[in-house]
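> Here you go, one structure.
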Amino acid sequence: MLRERLIAALGSDGVKTEPEDLAVYSFDAYTDGGRPAAVVLPKSTQEVSAIVKIARDCGEPIVARGAGTGLCGGAVPTAGGVIVSLMRMNRILELDLQNRRVRVQPGVMNLDVSRQVAPEGLFYAPDPSSQQISTIGGNIATNAGGPHCLSYGTTVNHVLGLEVVDNAGEVFATSIDDAGYDLTAALVGSEGTLGLVTSAWLGLLALPEAVRVWVAAFDEMDAASEAVSAIIAAGIVPTALEMMDAVIVAAVEAAFHAGYPTDAAALLLVESAGFEEDVAASEAAIHAIVNAHGARYWKSARTLAERNALWAGRKGAAGATGRIAPNYYTQDVCVPRSKLPQALRAVEAAARSNQITVGNVFHAGDGNLHPLLMYDKSDARQVAAVVETGNVILQSAIELGGTISGEHGIGWEKRDAMTRIYSTADLATMGRVRDVFDPRRMLNPEKIFPSGVRCPEVAPP
Ligand SMILES: Cc1cc2nc3c(=O)[nH]c(=O)nc-3n(C[C@H](O)[C@H](O)[C@H](O)COP(=O)(O)OP(=O)(O)OC[C@H]3O[C@@H](n4cnc5c(N)ncnc54)[C@H](O)[C@@H]3O)c2cc1C
């Protein structure tokens, strides 16, 4: 019944129900879990609307899916249902140069937006390291961040309006220009639990006049962390401020020959952009600060090719870990910047006591840690050790005044950890917001909200 109705709405080319297809759509970059009843690949908002109405009639949950690069099990069909892949809705619909904005379908890749508007001297600022392979729809649903979000802000700061299909299959639009509640911001980061994004207006920025990237090397992680705090405390906000440890640098250099020094305990990758005089002033100030914190190496990349090489190394870091172990798990936690030294020591201690190799590559300026825990999935001891290490790191971030996710989202992975930072009353409030958009809780069920917390427990008293 479900299959026949979906085929009638989309044609057989847009509906997948073969076991091998369902298996392929059962996981994301974090995990696998559950099997969908069907996978559908709509080409228009009208088709998304029809799918939601059919799934609703058949009592099937609906899970929106972009490229499946999510790192928290957000697009995984843990409760079965219909997976709505937005990958065929991949057109840039409208470029409004006068208002510096662009309207795109959700399946457009992040980097393609900047590529498309670069000839006009513009770019789209949010730049997750997955930007070549993740979609705007997925970025919106997770409120994706990235190295350059330190000064430009995350996805929520660049989405101007949305077209959304709601839980009943009806289409509605939001705009940040609307008076009243900012529903656009409410939908960004909602991980597919409030509606399916079918198009988005994105704000564009002018390409800066000058861009410079620097590398500073330190003999100790603590010194590099303290330099990060000192840079921000001095009132300088670089466009990006990233840190990498020796484990990551060795893997990246072997894979990409980015030009990083390989004999340091920690590297800072710092970028400033803006007017030439401002960038030059930042360079002098940042150089002085890192020197005062014991940097023993400093390199300035002045050409585009040099800058690109340094960034290619950073953005390819996760892939480069394939040289260390067959699998890695990325923890994503945030701590106050001033607590970076303690947080990194906690990561190191947790990995050591569980005999796990850890590599750190992260958005230091935001205090957003990404310890990559290396392991071999076929070894049960290592799997258990990684789970334990990740858990200890999560708890230590909370104890340092931080939070359980910096940018990857809650999804399936961290829903139970929500109770560690939110009270029952907090979760009930969030539940009430969700119920306004999706009272039947059929949009991406089993995500964000803790297991065992059912509707009545988070419903209004
Ligand atoms: C190597 C690597 C590096 C990464 N670096 C970063 C980084 O720097 N910063 C960062 O924030 N993340 C990063 N990520 C995580 C991931 O790329 C982001 O979360 C990204 O936004 C997910 O996009 P996606 O298209 O793959 O979405 P998916 O994984 O397919 O889905 C993610 C979530 O969005 C929902 N969703 C997808 N499309 C829609 C839609 N149209 N409407 C409603 N809901 C939808 C899904 O249901 C799911 O909950 C990285 C991942 C990898 C593998």
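The values are calculated or read from the model by the stated rules, or taken from the named source; none is laboratory data. These numbers were taken from a predicted model, which means no experiment stands behind them. In this analysis, Cβ positions are derived from the backbone assuming ideal geometry, glycine residues included, and neighbour counts consider all displayed protein chains. When the accessible area is computed, the model is the full protein with side chains, heavy atoms only, and any ligands, DNA or RNA have been set aside. Shrake-Rupley method; radii C 1.70, N 1.55, O 1.52, S 1.80 Å.
> About the Cα centre, and with charges only on the beta carbon of Lys, Arg (+1) and Asp, Glu (-1), how big is the dipole of the range 418-458? Nearest 20 debye, please.
Details: 7 positive and 5 negative charges, 13 e Å.
Roughly 60 debye, rounded to the nearest 20.
> Which log10 I(q)/I(0) values does the range 418-458 give at q = 0.18, 0.22, 0.26 Å⁻¹ under the Debye formula, counting every alpha carbon as one identical point scatterer?
With one equal scatterer per Cα and no solvent, log10 I(q)/I(0) is -0.44, -0.66, -0.93.
> For helix 380-399, what angle does its Cα long axis make with the longest principal axis of the chain, in degrees from 0 to 90 and rounded to 10?
Computed tilt is about 80 degrees.
> List the equivalent ellipsoid semi-axes of the chain in whole Å, largest first, each obtained as the square root of 5λ for an eigenvalue λ of the Cα gyration tensor. Before the final figure, lay out the partial values.
Numbers: eigenvalues 276, 136, 85 Å².
Rounded to whole Å, the semi-axes are 37, 26, 21.
> In the range 394-456, what GluC sites (Glu not before Pro) fall in a loop by DSSP, with at most 13 other Cβ atoms inside 10 Å?
Details: sites: Glu399, Glu407, Glu413, Glu446; in loops: Glu407, Glu413, Glu446.
Filter output for the range 394-456: empty list.
> Which log10 I(q)/I(0) values, to two decimals, does the range 306-380 give at q = 0.25 Å⁻¹ under the Debye formula with one point per Cα?
-1.18
> Which percent of the accessible heavy-atom area of the chain goes to carbon and sulfur, probe 1.4 angstrom?
Working: 9690 of 18620 Å².
Result for the chain: 52 percent of the exposed heavy-atom area is carbon or sulfur.
> Plugging the Kirkwood radius over Cα pairs into Stokes-Einstein for the range 1-147, at a temperature of 10 °C and a viscosity of 1.306 mPa s, what D comes out in µm²/s?
Working: Rh = 16.0 Å.
The estimated diffusion coefficient comes to 99 µm²/s.
> Under the rule of at least 5 residues apart or a separate chain, name every residue whose amide H is placed under 5 Å from the amide H of Ser199.
Here the answer is Glu163, since their amide H atoms fall under 5 Å of that of Ser199.
> What is the Å³ per residue value for the convex hull set by the Cα atoms of the range 35-118? Could you put the intermediate results ahead of the total?
On the way: hull volume 8.5 nm³, N = 84.
In the range 35-118, the Cα convex hull volume per residue is 101 Å³.
> Quick one: Karplus J couplings for the range 213-224, per residue in order, coefficients 6.51, -1.76, 1.60, θ = phi - 60°, nearest Hz, x for Gly and Pro?
Using θ = phi - 60°, the values come out as 10, 10, 10, 10, 10, 10, 8, 9, 4, 4, 5, 5 Hz.
> Mind checking the angle between helix 276-292 and the chain's longest principal axis? C-alpha axes, 0 to 90 degrees, to the nearest 10.
Compared with the principal axis, the helix lies near 70 degrees.
> Here's another thing I want to ask about it. So which trypsin sites (Lys or Arg not before Pro) in the range 366-416 pass both tests, a DSSP loop state and at most 14 other Cβ atoms within 10 Å of the Cβ? Spell out each step's value before the answer.
Working: sites: Lys377, Arg381, Lys414, Arg415; in loops: Lys377, Lys414, Arg415.
Qualifying residues, ordered by number: Lys377.
> Would you mind checking Lys53/Lys377; Lys16/Lys447; Lys43/Lys447 for any pair whose Cα atoms are more than 29 angstrom apart?
Working: Lys53/Lys377 40 Å; Lys16/Lys447 24 Å; Lys43/Lys447 26 Å.
Check vs 29 Å cut-off fails for Lys53/Lys377.
> Expressed as a whole number of Å, what is the distance separating the alpha-carbon centroids of the range 182-244 and the range 144-177?
Distance between centres, Cα-based: 17 Å.
> Quick check on the chain: helices-only [θ] at 222 nm, where DSSP H runs of length 4 and up contribute -39,500 (n - 2.57) each and the sum goes over total residues. Nearest 500, please.
Values: 17 runs with 165 residues, N = 461.
Mean residue ellipticity, 222 nm, calculated: -10500 deg cm²/dmol.
> State the Cα centre-to-centre distance between the range 1-53 and the range 250-322 in whole Å.
43 Å
> Tell me the chymotrypsin sites (Phe, Trp or Tyr not before Pro) within the range 149-253 that lie in a loop according to DSSP and have at most 16 other beta-carbon atoms within 10 Å.
Values: sites: Tyr152, Phe172, Tyr181, Trp201, Trp214, Phe218; in loops: Tyr181.
Here the chymotrypsin sites (Phe, Trp or Tyr not before Pro) that fit, given the DSSP loop and packing criteria, are Tyr181.
> Using the Kirkwood formula on the Cα atoms of the range 309-461, what hydrodynamic radius do you get, in angstrom to one decimal? All intermediate terms of the calculation are to be shown ahead of the outcome.
Values: mean 1/r = 0.0590 Å⁻¹.
Averaging 1/r across every pair of different Cα atoms and inverting gives 17.0 Å.
> Based on Cα positions only, what radius of gyration and what Dmax would you give for the range 92-206, in angstroms?
Rg, Dmax (Cα atoms, Å): 13.2, 41.
> Return the Rg/Rh value of the range 210-318, two decimal places, where both radii are evaluated on C-alpha atoms and Rh is the Kirkwood radius.
0.94
> Can you work out D for the range 173-215 in µm² s⁻¹ from Stokes-Einstein, where Rh is the Kirkwood radius over C-alpha pairs, the temperature is 25 °C and the viscosity is 0.890 mPa s? It would help to have the intermediate numbers written out before the result.
Details: Rh = 13.5 Å.
Rounded, D is 182 µm²/s.
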